[in-house]
Amino acid sequence: MERTAPEYRRTLDLRYLKGKECKNCGKIYLSSRNFCSDCGREGQLSKTDLPKRGKVYSSSVVRKSTSDFNLDEKIPYSVGLVSLEGLDFKAPGIIDTDERVTGEEVEAEIGLLGISNEVRFYTYLWKKKRDYHSPQPSEGSCEPKQGVGIVDYGVYVPRKRIKSEEIGEVWGEDVEGLVKSFPGKWEDPGSYAMNSALNCLETNDVDPSNIGKIMVGSESHPYAVKPTASVVAELIGSDEQCVDFEFACKAGTQAIIDAHDSVKAGTINYGLAIGSDSSQARPGDALKYTAGDGSAALLVGSKDPIAIINAYESFTSDTPDFVRGEAEEFPVHFGRFTGEPAYFKHIEEAAERLMKKQGTEPEDYDYALFHQPNRKFPRKVGKRLGFTEEQIEPTIVVDWIGNTYSACVPLGLCRIFDQASPGERIFVTSYGSGAGSDAFDITVTEKIKEKQKEKKRSVDSWIGKEDEELLEFESYGKYAKNKGLLKS
Amino acid sequence: MKEKVAVIGVGHTEFGELWDRSWVELVEEAGLEALEDAGIKKNDIEKFFLGNMSLGMFGGQEHTASKVFSEVFDSNPESQILGRRIEGACSSGGLALEASFNDVLAGAHHDEDRIVMAGGFEKMTDKSTDEATKILSAASDMGKEVGFTFPALYGMLKDRYLEETEATEEDFDHIAVKSHKHASKNPRAQYPFEVSHDKVKNSFPVASPTKLLNSSGIADGAAAVLLTTVRKAEELGADYVVIEDVEGVNDSIALYEREDILTLVSTQKAAERVYDSSGLGPEDVDIAEVHDCFSIAEVLALEDLGFYPKKKAWKWIEKSLKDCSENEAPVPYELPDGRELFVNTSGGLKAKGHPVGATGIAQAVEITEQLRGEAGERQVDGAEVGITHNVGGSGGTAVVSLLRKP
């Protein structure tokens, strides 16, 4: 049953849990209707956001489904009716579990329902409500500082994990101690980007229509033609500029630069910069141990920033160290898997340019964040540049989720924001194959304390450094299926 | 006095995977059997109503009645017949019965004795199980219940029933054992064999808590009943039964809109109306053909039709049916007042088969045969009053009819 563009548009409200409320009598409807059943044509119906929390009223585990939206490839999955919090109302939906969960508390999260004619239908799915660690609010204070910077942040990392031992077993290799994230069956880089954007906007009252530009950097955009950013924009309620970036692993920081420049130029009030990837790796490639999944969204603006971008510098050259051809499934290394002419050269050049411009030394910074293609490189390049373990370790995310490509540095930055104190200074340098690096000099403001208090779930919880019991470690078979390595 | 409606003839093809027969051949077979049973000819019929859910999707054919006119009536130039297809998902057959019943009454109002054929058919097995399941999903809310297969919708009903009562999953499994027992005595049944409680219990959980053997299958088949006034039936000297009333009522198509999903309001309302108009009640009913597309549906039907208090039927299931493998067919339920009620002596949708559009009519065929004492090895002795209960989707439509011996 192929869907169509008009149907896609007509089902958006339903899929994004936007109901209708009658202004006349207050009755709320799940469906996108035009008339109130009680007030008829006199009832004025307007859109209303439905609760994203509820309790499962009844459920069933589907073990035989149809090829509609390829749901037969998703079995077993659960469906149910959810009594929405605060409403005398039940919503039908897919529940991301394979058990009957009647009576349990659930929360809505964006997922990929299925694909029809290449088009991806995203929808809210229900997940069991969990208790998460939240960030520890910092103390201290500093001088007020004005400028363009990061106003808010949000991340999303799937809870699926695979260990390198599990992968090595299949490929006859002995690789110990690595862990990486991979997608659940209802997830893709589009749903990651959407969820990180929602998590970013949850803790501020910025009107989404005031976000003039949404940018998604990714190496694994769901569409070759059609921006991921447009899907994010529709969900959050913004309808101005949307653009996707691709610059290998630095497309996310390129989005930050673009947002920063546009806000500074006064052409937009806020820009949303997102890095999101389901990192591709040819199954036999060494990257299979590290290519991970995740997303981070940074809201850039000049009103009440939690951190000011003092300056940035970039360095780019035509270095084809790692490429993926048009319509090719997996990227390839052009030559030895070494960072010397690529990773190290570009990061060091950009970093040195920035420190020269700012007249700073490594010891002027509290955190030093570098792109993390593996566990070794960020630590090594940091030391080569003169940074210490104390500056580097709090920025690491690769140890828990692998290399999340465009999301890597934005995720690292979010992890820093969870722990930073007012006045602390952050040094950041990304790297993207092809090749280039963006370096940033950032200062944390007084506003960070409030933000840390508001965040419900810490980045450490998302990556699995905290709340490790919520992670789902899976077999290579499950990994291969969810990652799209098995053809049906 | 108000004229009454009579069933003067019935026809029923075998149900199952009938790959060598087209839908129109099945309709012809059931129709001719009904005509022969009534002792009348094709051209004696003035109208026909054919219940069918989805010939368009299952067979790519629309304009059903004209096709029937060509193939069955051989485009007879003498004929003045008008037919039409009626759609209401799995209750399409029941709706055809309702339309035919009211057409006979409308004629009687004008002092005419119309002979009307109510038929129902579905040709499902030309499609793969996947395609057929997708087509059947069209009976649910296609926009809002994506991913909810029918076994899952009924699974949710069962899940809620288990949540609100002390019933166990195994209680429901006795129902399938009973249905197969009855089907084993029905030569037209799709699954004419017995199954053990263990086999049902251990069958594949297609949409937990719905298991494969709690579910009806996919089948081809057709059924027909000929209706006219009692006056005409007497005149024809037919061995007829009386239809007291046929009532259909709608409810929301999706479960989420219902306050209490364990009450099929459409069934309750339709039953209330037939009881009211006939002056009969559940206490008068001896036999029932209820819409048991899944085991839970039979339980809800018995409650909504008034045989058991709401959310209490489970207490009598095990008690009534636990020894049914050892007992002789038909096996009755024990009612709270100690009476016996025979349910789905045909084998029901579960075991007789469920070619969806045919079901509502096939139920009336079984009740008619029982009331005439022609049900063979599954005959209920002394049956006087019977009820049929046909549901569309998960309760979005329900049609209830009450039949009795003249």
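Brief remarks on what is shown
- Out of B:VAL241, B:VAL249, B:VAL206, one residue alone is hydrophobic (A, V, I, L, M, F, W, C), buried (at least 22 other Cβ atoms within 10 Å of the Cβ) and away from chain A (no Cβ under 14 Å). It is B:VAL241.
- Within segment B:33-67, restricting attention to residues that are part of a helix (DSSP H, G or I) and without any contact (Cβ under 8 Å) to a residue 40 or more places away in the chain, the residue that is nearest to B:GLY237 (Cα to Cα) is B:GLU36.
- Within segment B:33-61, the set of residues being within 21 Å of the chain's Cα centre (by Cα) and more than 20 Å from B:ALA6 (Cβ to Cβ) comprises B:LEU50, B:ASN52, B:MET53, B:SER54, B:LEU55, B:PHE58.
- Residue that is within 12 Å of another protein chain (Cβ to nearest Cβ), acidic (Asp, Glu), in a loop (DSSP other than H, G, I, E, B) and closer than 22 Å to B:SER137 by Cβ, where the choices are A:GLU2, A:GLU7: A:GLU2
- Listed here are the strands (runs of 3 or more DSSP E) enclosed by segment A:215-309 that have at least 2 residues being in contact (Cβ under 8 Å) with a residue 24 or more places away in the chain and within 22 Å of A:LYS180 (Cα to Cα): A:270-278, A:293-301.
- Yes/no for B:ALA297 being buried (at least 16 other Cβ atoms within 10 Å of the Cβ) and within 29 Å of B:GLY16 (Cα to Cα): yes
- Conditions (1) at pLDDT 95 or above; (2) more than 14 Å from chain B (Cβ to nearest Cβ); (3) within 18 Å of B:TYR256 (Cβ to Cβ); number of the one not met by A:GLY86: (1)
- So B:ILE261, is it part of a loop (DSSP other than H, G, I, E, B) and either modelled with pLDDT of 95 or more or within 14 Å of chain A (Cβ to nearest Cβ) (or both): yes
- You will find that of B:GLU318, B:GLU374, B:GLU384, the residue that is free of Cβ contacts under 8 Å to residues at least 12 places away in the same chain, surrounded by fewer than 23 Cβ atoms within 10 Å (Cβ to Cβ) and out of contact with any Gly (no Cβ under 8 Å at 6 or more places or on another chain) is B:GLU374 and no other.
- Flag if B:GLU170 is among the acidic types (Asp, Glu) and within 14 Å of chain A (Cβ to nearest Cβ): no
- Test: B:VAL177 is assigned by TED's automatic domain parsing to the domain that holds B:LYS322, at pLDDT 95 or above and either hydrophobic (A, V, I, L, M, F, W, C) or surrounded by 21 or more Cβ atoms within 10 Å (Cβ to Cβ) (or both): yes
- For segment B:121-144, the set of residues classified as of a type outside the set (Ser, Thr, Tyr), touching a helix residue (DSSP H, G or I) at 6+ places or on another chain (Cβ under 7 Å) and surrounded by 23 or more Cβ atoms within 10 Å (Cβ to Cβ) consists of B:PHE121, B:GLU122, B:LYS123, B:MET124, B:LEU136, listed by residue number.
- Within segment A:93-118, the residues that satisfy the criterion of being away from chain B (no Cβ under 14 Å) and β-branched (Val, Ile, Thr) are A:VAL106, A:ILE110.
- Subset of segment B:68-103 (residues that are small (Gly, Ala, Ser), modelled with pLDDT under 95 and not in a loop (DSSP other than H, G, I, E, B)): B:SER70
- The sole residue among B:PRO192, B:PRO187 that is within 19 Å of the chain's Cα centre (by Cα) and surrounded by fewer than 18 Cβ atoms within 10 Å (Cβ to Cβ) is B:PRO187.
- Residues in segment B:120-165 that are at the interface with chain A (Cβ under 9 Å from one of its Cβ atoms), among the aromatic types (Phe, Trp, Tyr) and under 21 Å from the mean Cα position of the chain (by Cα): B:TYR154 alone.
- Residue match in segment A:308-316 (condition: surrounded by fewer than 20 Cβ atoms within 10 Å (Cβ to Cβ), more than 30 Å from A:PRO422 (Cα to Cα), at pLDDT below 95 and among the β-branched types (Val, Ile, Thr)): no
- Evaluation of B:LEU371 against the conditions (1) part of a helix (DSSP H, G or I); (2) under 18 Å from B:SER91 (Cβ atoms) shows that the sole unmet condition is (2).
- Residues within segment A:41-80 that are hydrophobic (A, V, I, L, M, F, W, C) and more than 7 Å from chain B (Cβ to nearest Cβ), tallied: 4
Let's see how each residue does on (1) in contact with a Leu (Cβ under 9 Å, 6 or more places away or on another chain); (2) among the β-branched types (Val, Ile, Thr); (3) farther than 30 Å from A:SER230 by Cβ:
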site	(1), (2), (3)
A:THR102	yes, yes, yes
A:PRO137	no, no, yes
A:GLN146	no, no, yes
A:LYS163	yes, no, yes
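- Selected residue (only one of A:ILE396, A:ILE442, A:ILE392 is buried (at least 24 other Cβ atoms within 10 Å of the Cβ) and not basic (Lys, Arg)): A:ILE442
- Boolean, A:VAL170 is more than 30 Å from A:CYS242 (Cβ to Cβ), part of a loop (DSSP other than H, G, I, E, B) and touching a Phe, Trp or Tyr at 6+ places or on another chain (Cβ under 6 Å): no
- With a requirement of 2 or more residues that are among the polar types (S, T, N, Q), more than 20 Å from the chain's Cα centre (by Cα) and surrounded by 23 or more Cβ atoms within 10 Å (Cβ to Cβ), the strands (runs of 3 or more DSSP E) lying completely within segment A:52-143 that satisfy it span A:53-62.
- B:ASN214 being within 14 Å of chain A (Cβ to nearest Cβ), touching a residue at least 60 places away in the same chain (Cβ under 8 Å), crowded, with 24+ Cβ neighbours inside 10 Å and within 18 Å of the chain's Cα centre (by Cα): yes
The values are calculated or read from the model by the stated rules, or taken from the named source; none is laboratory data. Fair warning: this is a prediction, and the values are worked out from it, not measured in the lab. Here the Cβ is made from the backbone with ideal geometry for all residues, glycine too, and neighbour counts use every protein chain on show.
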